[in-house]
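Step one of this worksheet: look at the structure below.
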Amino acid sequence: MQYLLNVIHDSGENATEAEQAAIVVFNQQMKADGYWVFAGGLGVTDNATVVDNRSGGEPLVTDGPFVESKEYVVGFWIIEAPDLDVALKLAAGGSKACNRKVEVRPFL
Amino acid sequence: MNVEEALARAQREEWARVVAALARRFGDLDVAEEASAEAFAVAVERWPVDGVPPNPGAWLTTTAQRKAIDRIRREDKRDAKQREARMWQDEAPEPLGAVEDERLRLVFTCCHPALAADARVALTLRLLGGLTVAEIARAFLVQEGAMARRITRAKDKIKAARIPYRVPAAADLPGRVSGVLAVLYLVFNEGYLATGPGTDPVRQDLTAEAIRLTRLLRTLLPEDGEVAGLLALMLMSEARRTARVSASGELVALGEQDRGAWDAALITEGHRLVRERLASGEAPGRYQLLAAINAVHTDARDVRDTDWSQVVALYDQLVRIDPSPVVALNRAIAVAELDGPEVAMAAVDRLDDALTGYHAYHATRADLLRRLGRSGESRAAYDRAIELAGNTAEVAALTRRRDQLP
């Protein structure tokens, strides 16, 4: 079972050095324990572009995120975990390491 | 025992066991719930004709399993992805030994912290308590359709997010048990001081259900002090139920209740649990302290015999583990009896910011101000308490007190 752990924050500023160090330790542990699938940082939504090609004609391209909100996804982990209890524990560890909120979402 | 009694008893005693056994076998709460409901419906039809089977629980489980297998065969035409979603339990779980009661898994799944609080309550009452969706909807003054959606949504999340059907590991158990107790206490309190203009002020259906489920939890976790504490607290509160509402429908304060009308058997049982916890020598948690406070109250034949210094000492202990303003308010009420209303008033005034939207805060202030002879301020506090109170019997009592002010 895979889960997406979205890192939620109200600014896209980079992690501090201490946060960065804690994230590295956390990631290494996730890899050692076999939970790691993938991770990435995204930062601010200013650089986002929304593409809508549902009509199949000329794609509609819009500058900015799909929705303006105070908080947004600044990064994510994808993990492999047997159940939600394990995923929540990892999310708690990740949230502590990067010092930001984490949203847990199961893959379909 | 006639057939109706046998059916009622099976509903009470076997429902959770049947649901839990099916959930374990098929790994799907939906299948477990609906197949169990079908099996009970078959019993209602067959038992009056065929007679009550010698082992009703086994009969119901077997019947429910057949219904579940039928349902799964029908569903097998669905895609493999959905069948895979059924495998969300451990393949070889042995957390509490082989004799572990399946119902315990069910409790922890229904009260999982990843579910919304109202969904936990609804799922617990449906899957463990065996209440119908209509009954739960009525209990919480929600439309039946809305309650059905709430339950369906919770079950969908359990499946999609793979909330495990498992007793938590020992390290996580205290936190998870306290989540379960919070759900049961919420059900009890909604019965004990029911909200809403159209309901009875005391809902015995809910208090009785909460006690029944807490008793069940106690048989499943006999060593847990907080489970014993909550059960004792509920029993001693329930013991006072009939004395709490007057003939004219007013809530009667503890000090003014007819103590002869208290249920002596429930109090005895509650006291026995409290003594058992004291004898354990373990540090008491929140529910054990609340139970101990209730034991002091119910120990006094006359309100004047109440050992208020003991009550305040227990509240001091409670404040240390739960420094919430509501606990501080209840402590102040006991302080008023021990050190007088003036001392209590000073403590209550400090809670203004935190509790300004809480009816009991204003009711307490109103009472203290009345005792201090500050009638004008008391009246204003009563007005505010009446405005905020949701319980009809409490509103009636507050209104009379306000109208009796000089």
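Rule-based calculations on the coordinates, nothing more; no lab input. On a predicted model such as this, the values are computed, not experimentally measured, just so you know. Virtual Cβ from ideal backbone geometry, glycine too; neighbours counted across all protein chains shown.
Once Lys and Arg get +1 and Asp and Glu get -1 on their Cβ, which of B:TYR192, B:THR242, B:GLY130 lies farthest toward the positive end of the dipole of chain B?
B:GLY130
If you wrap a convex hull around the alpha carbons of the protein assembly as shown, what volume per residue comes out, as a whole number of Å³?
Enclosed volume per residue, from the Cα hull, is 224 Å³.
Place a +1 charge on the Cβ of each Lys and Arg in the protein assembly as shown and a -1 charge on the Cβ of each Asp and Glu, then give the dipole magnitude about the Cα centre in debye, rounded to the nearest 20.
Here the size comes out at about 740 debye.
Could you tell me the center-to-center distance, by alpha carbons, between segment B:346-374 and segment B:266-334 in angstrom?
22 Å
Charges at C-beta only: +1 for Lys and Arg, -1 for Asp and Glu. How large is the resulting dipole of segment A:2-106 about its Cα centre, in Debye rounded to 20?
The dipole magnitude comes to about 320 debye.
If you average the C-alpha positions of segment A:10-34 and of segment B:158-196 separately, how far apart do those two centres end up, in angstrom?
Result: 32 Å between the Cα centres.
Based only on Cα atoms, what mean projected area does the convex hull of segment B:136-284 have, in nm²?
Dividing the Cα hull surface by four gives the mean projection, 11.1 nm².
In Å and on Cα atoms, what radius of gyration and Dmax does segment B:105-221 show?
According to the Cα coordinates of segment B:105-221, Rg and Dmax are 14.0, 44 Å.
Find out how many positive minus negative residues lie around B:GLN310, taking Lys and Arg as positive, Asp and Glu as negative, among other residues whose Cβ is under 15 Å from that of B:GLN310.
Residues near B:GLN310 contribute -3 overall.
At q = 0.21 Å⁻¹, what is the log10 ratio I(q)/I(0) for segment B:3-84, with the Debye formula run over Cα points and no solvent?
Debye curve over Cα of segment B:3-84, log10 I(q)/I(0) at q = 0.21 Å⁻¹: -0.88.
Just grab the label-to-label distance for B:ALA160 and B:ASP76, each label 7 Å out from Cα along the Cβ direction, in nm (one decimal).
Inter-label distance under the simple model: 2.8 nm.
Over the whole of A:79-90, what's the average partner chain Cβ count within 10 Å per residue? Rounded to a whole number, please.
4
Can you order the peptides B:214-223, B:2-11 by their average number of other Cβ atoms within 10 Å per residue, highest first?
Packing proxy ranking, top to bottom: B:214-223, B:2-11.
Go through B:VAL319, B:THR109, B:ALA228 and say which Cα lies farthest out towards the positive end of the charge dipole of chain B; charges sit on Cβ, +1 for Lys and Arg, -1 for Asp and Glu.
Of the candidates, B:THR109 comes out farthest on the positive side.
Let me know the whole percent of all Cα-Cα pairs from chain B that are separated by more than 33 Å.
The calculated P(r) of chain B puts 40 percent of pairs beyond 33 Å.
Would you work out the charge dipole size for chain B about its Cα centre, treating the Cβ of every Lys and Arg as +1 and the Cβ of every Asp and Glu as -1, and quote it to the nearest 20 debye?
The calculation lands at about 920 debye.
Using only the Cα atoms of segment B:216-308, what do you get for the radius of gyration and for Dmax, in Å?
13.8, 45
Lys/Arg Cβ at +1, Asp/Glu Cβ at -1, dipole of the protein assembly as shown taken about the Cα centre: which of B:VAL395, B:LEU273, B:LEU213 is farthest positive-ward?
The listed residue farthest towards the positive side: B:LEU213.
Per-residue mean of other chain beta-carbon atoms within 10 angstrom of the beta-carbon, peptide B:159-169?
Mean shielding by partner chains, rounded to a whole number: 4.
How do the peptides B:182-192, B:41-51, B:240-250, A:49-59 rank, highest first, by the average count of neighbouring beta carbon atoms within 10 Å per residue?
By packing density, highest mean first, the sequence is B:182-192, B:240-250, B:41-51, A:49-59.
Take A:LYS89 and B:GLU144, extend 7 Å from each Cα along the Cα→Cβ direction, and tell me the distance between the two endpoints in nm.
Output for this residue pair reads 4.3 nm.
With contacts defined as alpha carbon pairs under 8 Å and 6 or more residues apart, what's the relative contact order of chain A in percent?
Value for chain A: 49 percent.
Can you tell me what the convex hull of the Cα atoms of chain A projects to on average, as an area in nm²?
7.9 nm²
Give me the angle, in degrees from 0 to 90, between the Cα long axis of helix B:308-321 and the longest principal axis of the Cα atoms of chain B, rounded to the nearest 10.
Between the helix axis and the principal axis of chain B, the angle is about 50 degrees.
What nm value, rounded to one decimal, do you get for the distance between B:SER248 and B:ASP383 when each label is placed 7 Å out toward the C-beta?
2.3 nm
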